[in-house]
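The values are calculated or read from the model by the stated rules, or taken from the named source; none is laboratory data. All values derive from a computational prediction rather than experimental measurement. FYI the Cβ positions are ideal-geometry reconstructions off the backbone, even for glycines, and counts take in every protein chain you see.
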């Protein structure tokens, strides 16, 4: 039997592992050589999408009392986006590039490293947040104008609900102690916490929120979520958002919700809708007092384990139990979005310790995430493949090869080039063997 001290150490280790502190990534970023500049075609694509939204915020820039200098808002947006896209390791290196190359829609600017650092520290991050809010509706419109297949569950449910959304939070990684007021800190503090509301069909964010407190519970964001999700939508979330009072409020405002049921859930059965060896579907009462409401408890046997879900959709014809289980599996798309922003686009590495700088990098990273998702979706359409068949990471990395081909005079269209060389560049995912659990779920779903 383990001693109390060993048990306590195990609990602490599990708690620490909930956030992966990417020290290796931070060291690698500072030592990495510079990547080649973007070609004119990719720069034009970024400019076409982001520059108009940037110019639209210049008036607000002046309303905040900020003076026009060499480092204007359009210049700073180009600087930050380039720093993230090319994964520049430090502000010092960024200063050298800005003095010699210029970025995107701005030409080279003669500026010192302290001046650029100060601008990054004090430029209101809300400007980048407003640009993101302006760009996202355009990206959703671009997605809607394309034609490509959706996963069966999402195509089916999209015909029945106004929008299919998933929400989840993620703790940001540790800040560097070599910068600003953090130099005397005993340990690397975490950068805060972000919450994303993701459209599962387009894979584009519908809204992003930031909390300075890295220990902020998911429940703290419920008021923002409820004010954003429109009636008629279907909202998916995990067990961390379990709150019977909020469940009742969502139902009353016309939002259908779907989540996992806790193992210790207390409920009273009102009606049995379906009971087979692999599927159980019942109307049950949960909560107490003013929070008491009738919901569906759908259970599906996957392998040897029963998976239990709660939903406010009481009509089994509109959302059958097997569809509930298959649809909830798509909640993982939001975890993939965090993987892209943190690991691929570098949101695991912060080049400032100030909260304003953290937010500035956060909004800019999600801007580029939307651009990368848009490019990936365009490649998927050109290939006649569903989005899920295309690797977001390899599309992002494939831009390097297009840039080289462009400078050799061998290519002019990034979407066409990436689609043409999709297999060579690893853009088309290799077929994977399905796990026994996934096969069991598909068998149950196909038999419904």
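Considering each residue of the range 129-140 in turn, none proves to be modelled with pLDDT of 85 or more and part of a loop (DSSP other than H, G, I, E, B). From the list 75, 42, 79, the lone residue that is out of contact with any helix residue (DSSP H, G or I) (no Cβ under 8 Å at 6 or more places or on another chain), buried (at least 18 other Cβ atoms within 10 Å of the Cβ) and modelled with pLDDT of 80 or more is 75.
A residue that is over 20 Å from residue 309 (Cα atoms) and over 21 Å from the mean Cα position of the chain (by Cα) can be found somewhere in the range 253-260.
Residue 391 meets all of the listed conditions (1) outside the structural domain of residue 295 (by TED's automatic domain parsing); (2) more than 16 Å from the chain's Cα centre (by Cα); (3) in contact (Cβ under 8 Å) with a residue 24 or more places away in the chain but one, namely (2).
For the range 82-91, the candidate set comprises residues that are at negative phi and touching a helix residue (DSSP H, G or I) at 6+ places or on another chain (Cβ under 7 Å); within that set, the residue that is surrounded by the fewest Cβ atoms within 10 Å (Cβ to Cβ) is 90. Selection of the range 315-343 for residues being in contact (Cβ under 8 Å) with a residue 60 or more places away in the chain, in contact with a strand residue (DSSP E or B) (Cβ under 7 Å, 6 or more places away or on another chain) and part of a loop (DSSP other than H, G, I, E, B) yields only 319. For the range 92-118, the set of residues classified as crowded, with 19+ Cβ neighbours inside 10 Å and within 27 Å of residue 210 (Cα to Cα) consists of 94, 116, 117, listed by residue number. All conditions but one from (1) free of Cβ contacts under 8 Å to residues at least 40 places away in the same chain; (2) surrounded by 15 or more Cβ atoms within 10 Å (Cβ to Cβ); (3) part of a strand (DSSP E or B) apply to residue 301; the one that does not is (1). Quick one: how many residues across the range 344-381 are without any contact (Cβ under 8 Å) to a residue 60 or more places away in the chain and surrounded by fewer than 18 Cβ atoms within 10 Å (Cβ to Cβ)? Of the residues in that region, 0 qualify.
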